[in-house]
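No value in this document is a laboratory result; all are computed from the given coordinates. Remember, predicted model here, so these are calculated numbers, not experimental data. With ideal geometry, Cβ positions are generated from the backbone for all residues, glycine too; neighbour counts draw on all protein chains shown.
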Amino acid sequence: MMNTAAVLSAFDQQLRRNAPPDDSQSTVEFTGDVVRQTSTASGWNGVLWSDLREETADAVIAQQIAHFTAHGLGFEWKHYAHDQPADLPQRLLAAGFVAEPRETLVIGESAAQAVEVPVPAGITLRPVLDADGVDLMMRVHEQAFGTDSGRLRHWVLNQMAALGDCFAAVVAMHGDLPVSAGRVLLHEGTDFASLWSGGTVPEWRGRGIYRSLVAHRARYAAERGYRYLQVDASDDSRPILERLGFAALTVTTPFQYTP
């Protein structure tokens, strides 16, 4: 059985307190009791980790707002349920942040997930190797999540160019039709790989395609020596991942600040 407390501690230490940047155009820095990433391109901007005290929390929040807005940037404060102080969510809301839907941090053993799973009949898995492949991913993303993918497309292209073998993505195809997709990031110097953008267009759900993409990406991570797979799971994907053996460790909420 996974020691969930130890794994959560390792996650905090390796992927939050000592987070590697997402790409070559992003900078991660420790300042004012937070770890934040600032991107000069179209990448993610925000606070990855914090260790705040009640008497200093509001001032540190204000410092982060000043930092990002000075660059003309909106940003995300990535809050986890065990972050301190306990009333940090209320303080963020009072400072002008907007809470997005909560997600569940789930983690599984790569080796346990790296199993041979039959691909559903009529489906082939296509590695994403170029901009055309990214476009197929974005078609899936827009249908699966109902959101515009313009900014995400630029971010994924930057990751592909910057991260080399630490980036991989796959699209499930039914003939010429993309029906599911996902990507995996290998975080060098850590025990963790992370799964992102896993989604299936509504009319193709419930056929085992998502499961085959999890196994495909797990094999990629396990073959390269990464012990754990991390997912910020939506309410739709969490039950699937838990049935596959992933453990729910905590809840995370994105708080967005728009200048």
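Inspect all residues belonging to segment 3-15 and state whether any of them is within 30 Å of A112 (Cβ to Cβ), in contact (Cβ under 8 Å) with a residue 40 or more places away in the chain, polar (S, T, N, Q) and surrounded by 16 or more Cβ atoms within 10 Å (Cβ to Cβ).
Yes, that holds for at least one residue.
If I ask for residues that are of a type in the set (G, A, S) and under 16 Å from T40 (Cα atoms), which ones from segment 61-85 would you list?
Correct list: A70, G72, G74.
Go through (1) at negative phi; (2) touching a residue at least 40 places away in the same chain (Cβ under 8 Å) one by one and return the number of the condition E54 breaks.
(2)
Here is a list: A144, A131. Which entry is free of Cβ contacts under 8 Å to residues at least 40 places away in the same chain and among the aliphatic types (A, V, I, L, M)? Spell out the reasoning first.
Details: A144 fails: free of Cβ contacts under 8 Å to residues at least 40 places away in the same chain.
Step by step, each of A144, A131 is checked, and only A131 is free of Cβ contacts under 8 Å to residues at least 40 places away in the same chain and among the aliphatic types (A, V, I, L, M).
Counting only residues that are closer than 18 Å to L213 by Cα and out of contact with any strand residue (DSSP E or B) (no Cβ under 7 Å at 6 or more places or on another chain), which one in segment 157-175 is surrounded by the most Cβ atoms within 10 Å (Cβ to Cβ)?
Here the answer is H174.
Within the set of pairs 6+ apart or on separate chains, which have a first residue in segment 216-237 that is free of Cβ contacts under 8 Å to residues at least 12 places away in the same chain, a second that is surrounded by fewer than 24 Cβ atoms within 10 Å (Cβ to Cβ), and C-beta atoms under 6 Å apart?
Taking only residues 6 or more apart or on different chains, not a single pair turns up.
With respect to E116, determine if the residue is out of contact with any Gly (no Cβ under 6 Å at 6 or more places or on another chain), of a type outside the set (S, T, N, Q) and assigned to a loop (DSSP other than H, G, I, E, B).
Yes.
Output the residues belonging to segment 1-52 that are polar (S, T, N, Q) and touching an Asp or Glu at 6+ places or on another chain (Cβ under 8 Å). Give the derivation first.
Initial filter on segment 1-52 (polar (S, T, N, Q)): 3-4, 9, 13-14, 18, 24-27, 31, 37-40, 42, 45, 50.
Matches in segment 1-52: Q14, Q37, T38, S39, N45, S50.
In the set I123, I61, which member is farther than 30 Å from G32 by Cβ, in contact (Cβ under 8 Å) with a residue 24 or more places away in the chain and not small (G, A, S)?
I123
Among the numbered conditions (1) more than 29 Å from A112 (Cα to Cα); (2) basic (K, R); (3) without any contact (Cβ under 8 Å) to a residue 40 or more places away in the chain, tell me where R205 comes up short.
It fails just one condition, (1).
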